[in-house]
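The structure appears right after this line, and notes come after that.
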Amino acid sequence: MENKSKLSILTNGLIKENPVLVLVLGTCPTLATSTSVINGFGMGVSATAVLICSNIVIALLRKIIPDNVRIPCFITVIAGFVTIVQLVVKAFAPALDKSLGLYLPLIVVNCIILGRAEMFASKNGIIDSALDGIGMGIGFTLTLVVMGSLRELIGAGTWCGVPILSRIMPGMSIMTLVPGGFFVYALVMAFVHYITTDKSTIREGFGCSDCAMQDDCVDGSGCAKGEVA
Amino acid sequence: MAKYVIIIISMVLVNNYPLAQFLGICPFLGVSKDKESATGMGIAVTFVMVLATAVTWPIQNLLLDRFGIGYLQTVVFILVIAALVQLIEMFMKKNMVGLYKSLGVFLPLITTNCAVLGVCISNIDSGYNYLQSLFNAFGAGIGFLFAMILMAGVRSKLVDQSRMPKSWQGVPIVLLTAAIMALSFMGFGGMFS
């Protein structure tokens, strides 16, 4: 029983509560860095590292942090880890640093991380929070890799730089540009909606009651409430 | 003067934040349901962007760079923005009740809006001077407002009144709308070289 619940925390983030496709969090980095598989993977791994570390630290500090100032505390913890990841990437993967550019420091405002800190890590123990971070991170990375694969395959005819489709047809570079990003995201999300409609898991837990901002939210007009719910 | 006009026009049309640079997508998708809240959010973001730039630019150039602690940029900027938003909210609540009623709802959401942190960092990265940074932030805000109003207009007319497959309802159809809007904004791409 114990093991099963631990496993379900881990697998929650993959499909059922996929942060990007079901919870609709972290849309900016998803769209911006899924231009190719490598970029998407790099972004996913960086965000996952921050997510796991910040989840652990916030779970450790959850009883010390006063409730009124928890958001600034969370942001400080997250910003610290983002800076670490930023410096590590800059030192060991300068090419990735160049292609992610502005979006690397912007992990700090990635709503997935703050959302999980608020929704999960501030209420659960260390191990559960770490597992939640791993699961969510894998879900995020997986989505980015899938979107990156689609965009790179159609847009440039390659996968991870290896030419595949480019021998048969020329790449449609629009897919690696901005409109292609929105289009592929829409397609993937509609597909997930399509395969999960009868299981009816997708619409649960996307109301205001599960929202990270619900305490700050005055009447729900400031969020995507009712969008999917 | 022409330089500043070019900065603003290029930020509004060519480098529009939500439609060409993927910044500020969350409010762009979430708050664009009706025109009033879209306008309110757009104005609030513009306001915070200009103020945040006005504060973070001197911090970077006079403090962080001078003492060689530029690596603290992310931490310092996000804390400054969070504190600033809180301060604006408190100030508005006390002194500008009318404005607070129309914009106050959006202020807590702005802290985690990547467009605000994005404009502060990109001002530093592109080496703008103080005045150029302020104009850049203002242009980015106006561009965001422009995209929000366009999106709200399209959504109220098209998205909410048309029939579509069930799996496309909600966010996917909005993303598709955004794709078409982004496509048309690409037409501005060659305006400045």
### Pairs with Cβ under 7 Å, 6+ apart, first in segment A:96-111 and under 14 Å from A:Thr48 (Cα atoms) and of a type in the set (Val, Ile, Thr), second in a helix (DSSP H, G or I) and open to solvent by 30 Å² or more (accessible area, probe 1.4 Å)
none
## Note on the structure
Among the residues of segment B:57-73, the number that are without any contact (Cβ under 8 Å) to a residue 24 or more places away in the chain, assigned to a helix (DSSP H, G or I) and closer than 22 Å to A:Ile75 by Cβ is 6
#### Entry: Conditions (1) open to solvent by less than 30 Å² (accessible area, probe 1.4 Å); (2) at the interface with another protein chain (Cβ under 8 Å from one of its Cβ atoms): number failed by B:Gly153
(2)
### Query
Which of (1) touching a Leu at 6+ places or on another chain (Cβ under 7 Å); (2) buried (at least 20 other Cβ atoms within 10 Å of the Cβ) is the odd one out, the single condition B:Met191 does not satisfy?
(2)
### Task
Output the residues belonging to segment A:1-20 that are under 21 Å from A:Thr196 (Cα atoms) and out of contact with any Gly (no Cβ under 8 Å at 6 or more places or on another chain).
A:Leu7, A:Ser8, A:Lys16
### Task
Considering only segment A:83-195, give the helices (runs of 4 or more DSSP H) lying wholly within it that have at least 3 residues that are within 14 Å of chain B (Cβ to nearest Cβ) and crowded, with 24+ Cβ neighbours inside 10 Å.
A:111-116, A:126-156
### Task
Tell me which of these B:Thr111 doesn't satisfy, since it passes every other one: (1) over 28 Å from B:Asn61 (Cβ atoms); (2) without any contact (Cβ under 8 Å) to a residue 40 or more places away in the chain; (3) facing another protein chain (nearest Cβ under 8 Å).
(1)
### Message
What's the number of the only condition in (1) assigned to a helix (DSSP H, G or I); (2) within 13 Å of chain A (Cβ to nearest Cβ); (3) surrounded by 21 or more Cβ atoms within 10 Å (Cβ to Cβ) that B:Leu23 fails to meet?
### Response
(1)
### Query
Pick from B:Ser10, B:Ser32: which is open to solvent by less than 10 Å² (accessible area, probe 1.4 Å) and touching a residue at least 60 places away in the same chain (Cβ under 8 Å)?
B:Ser32
### Message
Just to be sure I understand, how many residues within segment B:80-131 are farther than 21 Å from B:Gly30 by Cα, aromatic (Phe, Trp, Tyr) and either outside any helix (DSSP H, G or I) or open to solvent by less than 70 Å² (accessible area, probe 1.4 Å) (or both)?
### Response
1
### Query
Do we find that A:Phe74 is in contact (Cβ under 8 Å) with a residue 40 or more places away in the chain, of a type outside the set (A, V, I, L, M) and part of a helix (DSSP H, G or I) in this structure?
yes
### Query
Looking at this structure, is A:Gly13 open to solvent by less than 50 Å² (accessible area, probe 1.4 Å), at pLDDT below 90 and at positive phi?
no
### Query
Can you tell me which of B:Ala179, B:Ala140 is more than 11 Å from chain A (Cβ to nearest Cβ) and touching a Phe, Trp or Tyr at 6+ places or on another chain (Cβ under 7 Å)?
B:Ala140
### Filter pass, B:Leu72 being open to solvent by 30 Å² or more (accessible area, probe 1.4 Å) and within 17 Å of the chain's Cα centre (by Cα)
no
### Message
Looking at the structure I just gave you, is B:Ser162 assigned to a loop (DSSP other than H, G, I, E, B) and open to solvent by 20 Å² or more (accessible area, probe 1.4 Å)?
### Response
yes
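The values are calculated or read from the model by the stated rules, or taken from the named source; none is laboratory data. Predicted, not measured: the structure shown is a model, and the values here were computed from it. No Cβ is skipped: glycine too gets one built from the backbone with ideal geometry, and neighbour counts run over all protein chains shown. Just so you know, the surface numbers come from the protein's heavy atoms only, side chains and all, with ligands and any DNA or RNA stripped out. Shrake-Rupley method; radii C 1.70, N 1.55, O 1.52, S 1.80 Å.
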